Amino acid sequence: MHDAPLAFPELGFYGLAGHAGDPRALLDEVADAERLGLGSVFLSERFNFKDATVLAGAAAAASERIGIATAATNHNTRHLLVTATAAATLNRMTRGRFALGLGRGFDALFDVMGVPRITSAQLADAVDVLRRLWRGERFDHDGPAGRYPYLFLMDEDVAEDVPVLMVAIGPRALTLAGGTADAVVLHTYLSDEAVARAVRRVRDGAEAAGRDPADVRVWACTAVVEDSLPHELVLRKTVGRLATYLQGYGDLLVRTNGWDPARLQAFRDDPLVAGFQGAFDADASTDDLEYLAEKVIPQQWLDCAITGSAATCARRVQEQLAGTGVDSVILHGATPRELEPVLAAYGARRTARPDLPVNPGRAR
């Protein structure tokens, strides 16, 4: 076992970022992340080869020190007892390094899956049920998250302290997260001004719920793509990723940033976008991505990603930490090896190591 603390507890990365067909690659990514000192790995979920709880178990087995979080899975796609069991298992497997991250998900996807859409009331109720199960309670429940005649974890020795993390973007979701969750992950492609507003809303939500706002750890999630990477890869991780977000929930992203909705409509009306089949970050050609960058997506929107030299990326990460009120930053869209020059430059700039827990769901 390695007892030395990780060098950068305030920084994390997304495992298997984007469209990844080989989940085993996560093992190398986690090993690289620990070697480089990254504090946490975040695991998103897709209904293909990216089951979040399986990936979390793999990350636990491949690591000794790094924090691990789902960010996010959805409470409505598994029975709550199954989710509670998975989180309790991971809590013990990691010796307390795991945080369960939940999110609202996509209504259209839930509709075709035949599962209920998630409401704020359901999400808050689900978190309460999970925490009761982790405390070892045995109870019946009838609330927004569902009706359960009798719930309990099947062991007498249950006393699991699993932090709950929420992924949030809209104002109501941020307020709910501040009042309910132990940590919050913000969305990618938010301006620094939007990030600062989101942090204030989370803190206000915590205070309104009678909680200490400092007890909620807030993670910015920012695309960090250093320019020594191949040009096509940089385009895919920046232009392609933003275009994919605009395809899926552009209205919410534009409202959150205070961007011009007419520019979003122009994006949707563009012949390439209107006729495109698939996700831009997976299926677009280099020519497609260059066209979007030059003709369709405003540069102001693309500037929400952190790009440039390693030194420039390191400086901008440091500025985001200092200027927006977040506690930590997820360096999104790149693997630990791709981030290595940025981490070296960041380490050379940083003057003090923040006192943060390993678990990404804990503020202190």
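The values are calculated or read from the model by the stated rules, or taken from the named source; none is laboratory data. Please read these numbers as outputs of a predicted model, since none were measured by experiment. Every residue, glycine among them, receives a Cβ derived from its backbone with ideal geometry; neighbour counts consider all protein chains shown.
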Unmet criterion (only one of (1) buried (at least 19 other Cβ atoms within 10 Å of the Cβ); (2) more than 30 Å from Arg201 (Cβ to Cβ)) for Gly333: (2)
Hey, Gly179 within 19 Å of the chain's Cα centre (by Cα) and at pLDDT below 95 or not: no
Among residues of region 280-295, those that are in contact with a Leu (Cβ under 7 Å, 6 or more places away or on another chain) and either among the acidic types (Asp, Glu) or not assigned by TED's automatic domain parsing to the domain that holds Leu235 (or both), counted: 2
Filtered residue count, region 114-130, keeping only those that are surrounded by 17 or more Cβ atoms within 10 Å (Cβ to Cβ) and assigned to a helix (DSSP H, G or I): 8
Qualifying position, being aliphatic (A, V, I, L, M), surrounded by 24 or more Cβ atoms within 10 Å (Cβ to Cβ) and more than 19 Å from the chain's Cα centre (by Cα), among Ala99, Ala84, Ala69: Ala84
Number of positions in region 281-316 that are at pLDDT below 95 and buried (at least 20 other Cβ atoms within 10 Å of the Cβ): 1
Selection within region 1-29 - among the acidic types (Asp, Glu) and either in a helix (DSSP H, G or I) or touching a Lys or Arg at 6+ places or on another chain (Cβ under 7 Å) (or both): Asp28, Glu29
Pairs, first in the same structural domain as Thr244 (by TED's automatic domain parsing) and under 17 Å from Leu302 (Cβ atoms) in region 259-279, second of a type in the set (Ser, Thr, Tyr) and in a loop (DSSP other than H, G, I, E, B), C-beta under 9 Å, six or more apart: Trp259/Ser191
Answer from Thr175, Thr180, Thr222 - the residue that is hydroxyl-bearing (Ser, Thr, Tyr), crowded, with 16+ Cβ neighbours inside 10 Å and touching a Lys or Arg at 6+ places or on another chain (Cβ under 7 Å): Thr175
Single match in Pro354, Pro336 (criterion: in contact (Cβ under 8 Å) with a residue 12 or more places away in the chain and not assigned by TED's automatic domain parsing to the domain that holds Val167): Pro354
